[in-house]
1. Of the numbered conditions (1) closer than 24 Å to Glu442 by Cα; (2) touching a His at 6+ places or on another chain (Cβ under 8 Å), Ile488 fails exactly one; give the number of that condition.
2. Checking Glu426 against (1) part of a helix (DSSP H, G or I); (2) over 24 Å from Asn195 (Cα atoms); (3) not β-branched (Val, Ile, Thr): exactly one of these is not met. Which one?
3. Here are Asp390, Asp435: which of them is in contact with a Lys or Arg (Cβ under 8 Å, 6 or more places away or on another chain) and either more than 30 Å from Asn76 (Cβ to Cβ) or part of a loop (DSSP other than H, G, I, E, B) (or both)?
4. Within the stretch 486-495, track down each residue that is more than 12 Å from Pro425 (Cβ to Cβ) and in contact with a Lys or Arg (Cβ under 6 Å, 6 or more places away or on another chain).
5. Considering each of Val404, Val466 in turn, give the residue that is more than 30 Å from Leu188 (Cβ to Cβ), at pLDDT below 95 and within 24 Å of the chain's Cα centre (by Cα).
6. For the stretch 314-325, indicate whether the set of residues that are without any contact (Cβ under 8 Å) to a residue 60 or more places away in the chain, surrounded by 13 or more Cβ atoms within 10 Å (Cβ to Cβ) and β-branched (Val, Ile, Thr) is non-empty.
7. Which condition does Leu506 not pass, out of (1) closer than 18 Å to Glu426 by Cα; (2) in a loop (DSSP other than H, G, I, E, B), if it passes all the others?
Amino acid sequence: MKRGNNFQEDIEEMSEEEVTVNNSAAAGGKKKKKKVVKKSKPVPLTKSVPQVTTQPLRPTKLVPKKKTEIREININDIGNNELSAADQRVEADGVLAGLIAPTIIEDFYEQYFGQKHLYVKRNGNNIYKNFFTKDSLDKMLRNNLMKFTENVDVTNYVDYQRITLNPEGRAYPSLIWKHYKEGCSVRLLNPQTFNSNVWKLCSTLQTHFQCGVGANIYLTPAGAQGFAPHYDDVDVFILQLEGKKEWRLYKPRDANEILPKKSSENFSQEEIGEPYFSVTLEAGDLLYFPRGVIHQAVSPPDVHSLHITVSTYLNNTWGDLIGKVLNRALEIANEECLEFREGLPRDYTQYLGVIHSDKVGDERRKELTDKVGTLWDKLGQLLPIDIGADQMAVKYLLDSLPPVLTQLEKKHSIEDETTSIKIKPETRFRLIRADSVRLVVEDIAILFHNADNTRIYHQVGEEPGVIEFTLECVDALEHIIDSYPSYIYAKDLPVEDDDQKLDVVLALYEKGLIMLEK
């Protein structure tokens, strides 16, 4: 029996939207000899029983491979440099490098990411100038249907309590500015939906982090604070766009709050103690801190503050991956191992349970717990790690922002509606973005993509990005993915049927996943 079938049903459960399948011409074609497909092999556990410790572990250092040199790219230049169309992964690395400079990326991952804060002072050099301003906020409100609570929050912090003052309905500019003049903070919850600069920034950084990236924008009047102390379930980068803001960081109260899975409630000042770090950010400065760091911020009495918070690494942990692996391993065990399907002893409730946990010497209890240990050992031999990784990768694609195409990419793809294209054997092409697709091989080949996603977080398009191919197309799809960013000939695809080669290319072209060289 094949392990890991029905992958698509798993994806439907992972998404708030139902994933449908687009059948392409590439799913057809002439039948050839059956292809031997590489399948995910279960990886056995090295120890049968997991070791548990009550001491906090030092976070794993996520250190990318060493690179010779990374060119720093200003966030205002995203999509407007030669790296944008050459290899978007290189541009994404350059954008992060530009944000954290003079710290280099290798040192950032080695010393800071997931471990401690990083403060970058730029001494009045506002490298974010014109990226997003108060005028940008006003235009966004006037030109779009933005609603309170869904897109905009109006808040205040009075007598150590956060107060949300959202009325119902549309966030009209006059209402927003009225609250602002009265000392309230304004929070834009999903500015990437309405502002192209923020969209470009988030879309590019998600290419670097290989997981979802979101943003909020905060406008705070002089001498005001909009939010109570709290910690978040995401890593955050604070980019000070205008004015100034004083930030105070506090250590987690106990080991369970280090790298938390959920954001906290609001804290009182007595609960958090004294800050371990305090700094006033000025326009152009950056502050990074990991999830779990308690923080609060207040603008000085003489100047307003406008900053953007870029967040990432939500539910992107070893625990999330292992959870998916264990769920699938248990499904496999129930299908393939008779012992997992056998009924429980009728007396198990008399020996197992919290009220029986102190009966250490009871022989019947030991017999039952030994049985659980034996089944755990067998489960450990069935771990489909690669399938779990596929599920995580596809979940990211379903949640991710669509790519922001450069003018060159639009001109050489289906985005250019002025040109009629015919795919030929001599056609040279490549993927537009390497991280916009994920190939999953089961009984069929399924190519997931984010080209049809909307700019609203966790909202896929009307036709979610799924294309089915026959197994004969797997080698061709792998060749296309592995060849990025190089152009390749359609005739060189490793598919025996010449028509099917063109069908594969056409299916990708019609979904906006490839660009042509000419």
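The values are calculated or read from the model by the stated rules, or taken from the named source; none is laboratory data. For clarity, every value in this text was computed on a predicted model and none was experimentally measured. Cβ atoms come from the backbone with ideal geometry, glycine included; neighbour counts cover every protein chain shown.
1. (1)
2. Of (1) part of a helix (DSSP H, G or I); (2) over 24 Å from Asn195 (Cα atoms); (3) not β-branched (Val, Ile, Thr), only one is false for Glu426: (1).
3. On the way: Asp435 fails: either more than 30 Å from Asn76 (Cβ to Cβ) or part of a loop (DSSP other than H, G, I, E, B) (or both).
When all the criteria are applied, what remains is Asp390.
4. Across the stretch 486-495, the qualifying residue is only Tyr487.
5. Details: Val404 fails: more than 30 Å from Leu188 (Cβ to Cβ).
Answer to the selection: Val466.
6. Checked the stretch 314-325: at least one residue is without any contact (Cβ under 8 Å) to a residue 60 or more places away in the chain, surrounded by 13 or more Cβ atoms within 10 Å (Cβ to Cβ) and β-branched (Val, Ile, Thr).
7. (2)
Let's see how each residue does on (1) part of a helix (DSSP H, G or I); (2) of a type in the set (Ser, Thr, Tyr); (3) touching a residue at least 12 places away in the same chain (Cβ under 8 Å); (4) surrounded by 19 or more Cβ atoms within 10 Å (Cβ to Cβ):
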position	(1), (2), (3), (4)
Asp452	no, no, yes, no
Ile456	no, no, yes, no
Glu472	yes, no, yes, yes
Ile481	yes, no, yes, no
Pro485	no, no, yes, no
Val495	no, no, yes, yes
Lys518	no, no, yes, no
